[in-house]
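These notes are about the structure you will find just below.
Since every read-out is calculated from the coordinates, none of them should be taken as a lab result. Remember, predicted model here, so these are calculated numbers, not experimental data. A quick note on method: Cβ atoms are made from the backbone with ideal geometry, for glycine too, and the neighbour counts reach across all protein chains shown.
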Amino acid sequence: MTQGCEILPVSLETLEYAVKLRDRYLISFWDSLIVASAVLGDATILYSEDMQDGLIINNSLQVINPFKDLNS
């Protein structure tokens with residue numbers, strides 16, 4: 001199941017970046033930690049039902065709500 005997945009440690013860099021993202025995008029600390037890890041891991045899409053659908057982080061990461069059409 002984890003084949004093809006890269007596991008990244010939560011480093012001081014990740015934590016500091018998460019705080020900056022939290023302040024810039026007004027998201028919770030825990031969401032910002034997920035976003036920081038995704039950006040630092042070079043992800044381009046982050047699936048989340050809790051964050052704003054369509055949010056673009058640093059012109060590189062797009063948040064997509066996988067349940068958007070189901071909630072309509």
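Annotation: extensible slack from Ser28 through Asn58 equals 9.1 nm (criterion: 0.36 nm per residue apart, minus Cα-Cα distance).
Between Val19 and Ile45, the distance separating the two model label sites (each 7 Å from Cα on the Cα→Cβ line) works out to 3.4 nm.
In this calculation the C-beta distance from Ile7 to Lys68 is compared with R0 = 30 Å, giving a FRET efficiency of 0.60.
Each peptide in 48-54, 21-27, 34-40 was scored by the mean count of other Cβ atoms within 10 Å over its residues; highest first, the order is 34-40, 21-27, 48-54.
Over all directions, how big on average is the projection of the convex hull of the alpha-carbon atoms in the chain, in square nanometres?
Details: hull surface 22.0 nm².
Projected area, direction-averaged: 5.5 nm².
Computed about the Cα centre, the dipole magnitude for segment 12-64 is approximately 140 debye when only Lys and Arg (+1) and Asp and Glu (-1) carry charge, each at its Cβ.
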